[in-house]
């Protein structure tokens with residue numbers, strides 16, 4: 001009987017005697033109220049401490065966190081983040097393609113690269129690259145192993161065309177950039193690989209059947225679809241990179257934000273306010289980054305949203 | 001069947017000689033001999049696992065064959081014969097061979113990040129380097145032909161299965177192929193959407209397109225097909241005029257299969 005009745009009800013006009021809307025007494029949650037009150041109390045205590053504790057020395061902090069060396073440090077941090085991420089992304093794509101290639105040497109080297117740079121901490125890498133000058137006093141370009149084969153051929157001299165002093169090339173900034181970018185390349189390689197593998201193999205087949213070459217296929221079909229998987233974690237990597245630039249203070253790169261803030265603290269024998277200043281600086285910059293990430297991700301799902309908007313439009317049209 | 005017999009670009013578009021394909025120890029194709037003439041519609045039927053889709057994918061070298069020879073328009077697919085030896089073609093050469101062969105997949109495989117129009121324009125622009133304006137013109141004509149000109153700006157995810165498959169046919173036609181391969185084009189469709197796709201294919205056949213169609217649609221095979229090939233266990237069991245094969249099968253295996261599907 002029920003189904004027939006329901007059909008009748010659904011088909012017929014709304015009946016005049018519709019039942020009155022429900023106004024029930026809501027369930028109370030006393031536990032939540034207690035917890036909320038407790039947290040508010042703790043928060044009040046924390047704010048009180050921020051204001052009253054002398055160690056914060058707010059006027060001193062504000063006076064020192066916008067000085068010229070600090071602002072230069074902010075600039076270095078931003079430049080390092082952007083450059084390291086750009087190099088890291090390019091490296092990541094190259095290494096990911098290497099790992100997925102059919103050539104065992106290429107895929108093994110790709111694996112070896114990710115293995116090494118993911119296993120060694122960035123701090124250790126920074127110090128290591130800062131000391132690379134120990135290996136070579138000069139950097140020279142030429143044919144490899146010339147000191148072995150030139151005497152064998154009865155030739156004297158060397159087969160080197162360009163020569164630089166290592167200290168001129170491997171400045172603290174370059175060493176820092178290399179350490180961060182190479183390490184990032186390894187993480188990006190894994191992200192890009194996951195992205196590429198997330199694309200339906202049918203896409204590759206369809207493109208191949210149309211006569212596309214592998215390079216066109218990667219550029220036009222696979223990578224654009226992989227980006228939806230790649231972009232969100234890349235945003236996180238950028239935020240992480242911004243924070244990790246503080247490690248290059250140990251290369252040592254002295255024009256960097258964390259080094260500068262620490263230096264002020266050490267010089268004035270009042271380190272704590274500058275630590276707070278560091279927190280505030282990194283918080284502000286990462287917040288701006290995250291905002292950018294939000295808009296970037298939104299624009300990358302544009303195709304979906306366009307489709308979504310179309311659905312809504314058709315529904316609206318259907319209703320009218 | 002001599003080594004040197006490379007069928008010239010005559011009336012035979014596809015020539016398969018004793019094509020074998022195996023995955024490891026599993027033999028999927030065990031010697032397929034088949035010829036498809038220009039303008040012919042060849043329907044391939046058979047139980048699942050009979051190797052019919054694999055054979056179709058061998059024709060445009062999506063699968064490498066292990067033995068035998070396969071020519072399309074007189075070109076040996078995937079290899080070059082030089083001095084009695086076979087040389088594998090480079091990836092770019094294989095790609096060039098495929099440009100002349102359109103393929104339609106069971107699961108459509110449209111590019112989801114591109115609009116319908118961009119899907120159809122993609123290969124002419126990126127592969128053939130056709131100017132965008134003329135590629136757009138051709139694409140719109142093709143979309144009109146499959147009855148989807150009004151969907152040019154939509155994304156594939158917004159279309160029904162039948163519409164997607166019609167776009168996939170238009171996309172393949174955009175390369176102006178001399179041969180079209182259909183891999184169970186209606187198997188992933190809701191029953192009420194099968195007809196619209198078959199109609200487009202029937203139109204293509206009427207226009208003289210050479211087609212190899214792997215299908216379960218016996219009605220289509222009977223009405224539109226010029227030849228019906230019944231495959232089972234990796235071999236061609238029986239082939240001939242569709243009405244005769246369907247109406248009067250000579251082999252027990254064909255009879256057994258047809259009694260289940262008809």
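Hey, which of the helices (runs of 4 or more DSSP H) in the range A:17-121, taking only ones fully inside, have at least 3 residues that are closer than 24 Å to residue A:254 by Cβ?
Values: elements: A:30-52, A:58-64, A:68-100, A:104-119.
Filter on the range A:17-121 gives A:58-64, A:68-100.
Scan the range B:141-167 residue by residue and report those that are within 14 Å of another protein chain (Cβ to nearest Cβ), farther than 17 Å from residue B:192 by Cα and assigned to a helix (DSSP H, G or I). Result: B:142, B:150, B:151, B:156, B:157, B:158, B:167. There is at least one residue in the range B:188-205 that is within 14 Å of another protein chain (Cβ to nearest Cβ), assigned to a loop (DSSP other than H, G, I, E, B), at pLDDT below 95 and under 21 Å from residue B:53 (Cα atoms).
Which one of B:49, B:39 is closer than 19 Å to residue B:209 by Cβ and part of a loop (DSSP other than H, G, I, E, B)?
Numbers: B:49 fails: closer than 19 Å to residue B:209 by Cβ.
Just one listed residue meets the conditions, B:39.
Residues in the range B:37-91 that are away from chain A (no Cβ under 14 Å) and out of contact with any strand residue (DSSP E or B) (no Cβ under 9 Å at 6 or more places or on another chain): B:48, B:82, B:83, B:84, B:85. So which residues in the range B:97-107 are more than 7 Å from chain A (Cβ to nearest Cβ) and surrounded by 24 or more Cβ atoms within 10 Å (Cβ to Cβ), if there are any at all? Hits for the range B:97-107 are B:101, B:102, B:104. Among the residues that make up the range A:140-158, is at least one of them surrounded by 13 or more Cβ atoms within 10 Å (Cβ to Cβ), farther than 17 Å from residue A:251 by Cβ and without any contact (Cβ under 8 Å) to a residue 12 or more places away in the chain? Yes: one or more hits. A residue that is more than 30 Å from residue B:123 (Cα to Cα), crowded, with 20+ Cβ neighbours inside 10 Å and within 18 Å of the chain's Cα centre (by Cα) occurs somewhere in the range B:215-227.
Of all the listed residues (A:240, A:194, A:206), the sole one being within 14 Å of chain B (Cβ to nearest Cβ) and either without any contact (Cβ under 8 Å) to a residue 60 or more places away in the chain or more than 21 Å from residue A:298 (Cβ to Cβ) (or both) is A:206.
Of these, A:248, A:231, which one is part of a helix (DSSP H, G or I), within 14 Å of chain B (Cβ to nearest Cβ) and either in contact (Cβ under 8 Å) with a residue 40 or more places away in the chain or in contact with a strand residue (DSSP E or B) (Cβ under 6 Å, 6 or more places away or on another chain) (or both)? Steps first, answer last, please.
Values: A:248 fails: within 14 Å of chain B (Cβ to nearest Cβ).
Only one candidate passes the filter, namely A:231.
Residue count for the range B:159-175 under the criterion of being over 15 Å from residue B:194 (Cβ atoms) and touching a strand residue (DSSP E or B) at 6+ places or on another chain (Cβ under 9 Å): the result is 5. Could you look through the range A:166-191, keep only residues that are free of Cβ contacts under 8 Å to residues at least 40 places away in the same chain and in a helix (DSSP H, G or I), and pick out the one that is farthest from the other protein chains (Cβ to nearest Cβ)? In this case the residue turns out to be A:167. Determine whether the range A:245-254 contains at least one residue that is modelled with pLDDT under 90, under 25 Å from residue A:60 (Cα atoms) and surrounded by fewer than 18 Cβ atoms within 10 Å (Cβ to Cβ). Yes: the range A:245-254 contains one or more residues that are modelled with pLDDT under 90, under 25 Å from residue A:60 (Cα atoms) and surrounded by fewer than 18 Cβ atoms within 10 Å (Cβ to Cβ).
Take the residues in the range B:168-181 that are outside any helix (DSSP H, G or I) and more than 9 Å from chain A (Cβ to nearest Cβ), then tell me which one is nearest to residue B:104 (Cα to Cα).
Step by step, filter the range B:168-181, then rank; the result is B:180.
The values are calculated or read from the model by the stated rules, or taken from the named source; none is laboratory data. All values derive from a computational prediction rather than experimental measurement. In this analysis, Cβ positions are derived from the backbone assuming ideal geometry, glycine residues included, and neighbour counts consider all displayed protein chains.
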